[in-house]
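Notes for the one structure printed next.
The values are calculated or read from the model by the stated rules, or taken from the named source; none is laboratory data. All values reported here derive from a predicted model rather than from experimental measurement. Here the Cβ is made from the backbone with ideal geometry for all residues, glycine too, and neighbour counts use every protein chain on show. Surface areas here come from the heavy atoms of the whole protein model, side chains and all, with no ligands, DNA or RNA. Shrake-Rupley method; radii C 1.70, N 1.55, O 1.52, S 1.80 Å.
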Amino acid sequence: MESSSIEGGEGARKNEKSENNNEGDKALLAKLTDAKSPSKKDMYFRADKIDFKSWDIQLEKHLSRVWSRDREVLPGKKEEWEIDLAKLDIRHEIARGTYGTVYRGVYDGQDVAVKILDWGEDGIATSAETAALRASFRQEVAVWQKLDHPNVTKFIGASMGTTNLKIPSKSATSDYHNSLPSRACCVVVEYLPGGTLKKFLIRNRRKKLAFKVVIQLALDLARGLSYLHSKKIVHRDVKTENMLLDANRTLKIADFGVARVEAQNPRDMTGETGTLGYMAPEVLDGKPYNRKCDVYSFGICIWEIYCCDMPYPDLSFTDVSSAVVSQNLRPDIPRCCPNSLASIMRKCWDANPDKRLEMDEVVRLLEGVDTSKGGGMIPEDQVRGCLCFIPTRGP
């Protein structure tokens, strides 16, 4: 009965490519039908002979097509976070990454940043993988639109399509173009003119930051993460590149590209997600993890904020990964760093996730740090005679 209903649905589709894509569905259903057929003498199956990954991919394809048909049948049905693209005016490109491009624009009179995600156009991602990414995108924006905190980038809205989106053209003969793939999505957030925390730290690499500024930035980040964790959200890619500054140098957490609602069972969250220099040992080692992976990354970030430097600049990815897991490699803390801050760093990047601080604890500790007597990193033009870094960095 189930098989015939799906075959009937396929018969209504006249597109030859769609019919080819449905062959996998038929194979999957045939396996399932055979598995439950009472005429089979052997009712047991060897698990190592079943290609579960293939089944998952075929099921994902089928669910993606069902979702697409639902959208076609109910064109007026919109999520509460979906925006009217006619009100979005894209001005110019800000940045370009692996899976998308960020533009500056205006939405309904407000300055915004627009991230367009063009998954699957690299020729590597399969249809099933793209469908999974889109499904994940829908889940994440549904979470993000409910967040409201001064240290979390404000979510404006999103769109599952970009058909009516006008992208500024680099061509002298045309003002706009729209060559975006049909599967592209876009997310719109508040525009923050201060740029990334990473670039701010690079600009201050020589003169360093006053200790008061270090603590202010660390507190902004800690409060934002504490808020996310209170909502059961693990960011999973905490790094200075994913933090933005407004005109008043207030730090806001951005880029929820890999954020995930925390699983009840930590074993449901596995896989190397994040950026290598900031990744916790358990993540690098492929073990189950939870919100404490964000705490580890935070520890690396506040070291970076204090030093205005990069962790492990002279080590390869492979060396960092191996040394962090097996040799307990961490950035060297300068001797001029006040113990109140150094202690927080060490407690955040402890090898044992259970021994790491909770982010609300970090907030309380940072609020108690005395900045009246200074304590910032010594500028490079005054570094002669400074014994901040006696040991050589590295394993």
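Okay, here's what the table says:
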| quantity | calculated |
| --- | --- |
| FRET efficiency for Ala342 and Met310, using Cβ-Cβ distance with R0 set to 22 Å, rounded to 0.05 | 0.75 |
| Two-site FRET efficiency, Ser127 against Glu79, from Cβ-Cβ distance with R₀ of 25 Å, rounded to 0.05 | 0.65 |
| Contour minus Cα-Cα distance for Val213 and Asn328 (0.36 nm per residue) | 38.5 nm |
| Simple spin-label estimate for Lys232 and Val106 in nanometres, 7 Å along Cα-Cβ | 4.1 |
| Set Lys146/Lys287; Lys154/Lys208; Lys232/Lys287; Lys78/Lys154; Lys115/Lys199; Lys78/Lys252 screened for pairs whose C-alpha atoms are more than 27 Å apart | Lys146/Lys287; Lys154/Lys208; Lys78/Lys252 |
| Accessible heavy-atom area order of Ile202, Ile378, Ile233, highest first, probe of 1.4 Å | Ile202, Ile378, Ile233 |
| Stretch gain in nm, segment Asp148-Arg206, where the contour uses 0.36 nm per residue and the Cα spacing is subtracted | 17.3 nm |
| Nitroxide proxy distance, nm - points 7 Å out along Cα→Cβ at Ser372 and His92 | 4.7 |
